[in-house]
1. Checking N57 against (1) at pLDDT below 85; (2) polar (S, T, N, Q); (3) farther than 19 Å from G33 by Cβ; (4) within 15 Å of the chain's Cα centre (by Cα), only one condition comes out false. Which one?
2. Out of V93, V47, which single residue is touching a helix residue (DSSP H, G or I) at 6+ places or on another chain (Cβ under 7 Å) and modelled with pLDDT of 85 or more?
3. Under the condition of being touching a helix residue (DSSP H, G or I) at 6+ places or on another chain (Cβ under 9 Å) and closer than 16 Å to F36 by Cα, which residue from region 61-90 is surrounded by the fewest Cβ atoms within 10 Å (Cβ to Cβ)?
4. Return the residue satisfying two criteria in turn: it lies in region 31-44 and is within 16 Å of K113 (Cβ to Cβ) and out of contact with any strand residue (DSSP E or B) (no Cβ under 8 Å at 6 or more places or on another chain), and of such residues it is modelled with the lowest pLDDT.
5. Can you name every residue in region 79-98 that is assigned to a loop (DSSP other than H, G, I, E, B), free of Cβ contacts under 8 Å to residues at least 40 places away in the same chain and under 15 Å from the mean Cα position of the chain (by Cα)?
Amino acid sequence: MYTKAEFMDDESEDDSKDGKLASTKMVFDSPSGIQFIEGQRNSLQIVYGQYAYAKNNTHGLTTYWNCRARRTGQEPCKARLSTTRLPTGKYKVCLTRPEHNHPPSRRVQRLIKQSASSSP
């Protein structure tokens, strides 16, 4: 699947016309930008900005990911990102809906800390 080394650096772009953040496109090579964790059912999840995203769909070279937050009695989070394989073999990450309706998950924060402490 994806490895941290397959992501490349680039600068952020703001695609909005009215100055509001419509989507944020970023391309990463840094482990600090993107991390991978194992989900509760052994599925691969992407972590970006202390939020976990699970694979939703794949179309061609693009994979779509949804925020994993599901809170009882409340709307599911609608934050989304996509990864697109570039001709170089690396992946572009696009935050298509960056707004979350909840704080970061304690489980994800714990996994990020564990990952950071086990890194050389």
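1. Only one criterion in (1) at pLDDT below 85; (2) polar (S, T, N, Q); (3) farther than 19 Å from G33 by Cβ; (4) within 15 Å of the chain's Cα centre (by Cα) is unmet by N57, namely (1).
2. V47
3. K90
4. That would be P31.
5. Residue satisfying the conditions is A79 alone.
The values are calculated or read from the model by the stated rules, or taken from the named source; none is laboratory data. Small disclaimer: the values here were computed from a predicted structure and weren't measured. Note that each Cβ is placed from the backbone with ideal geometry, even for glycine, and that neighbours are counted across all protein chains shown.
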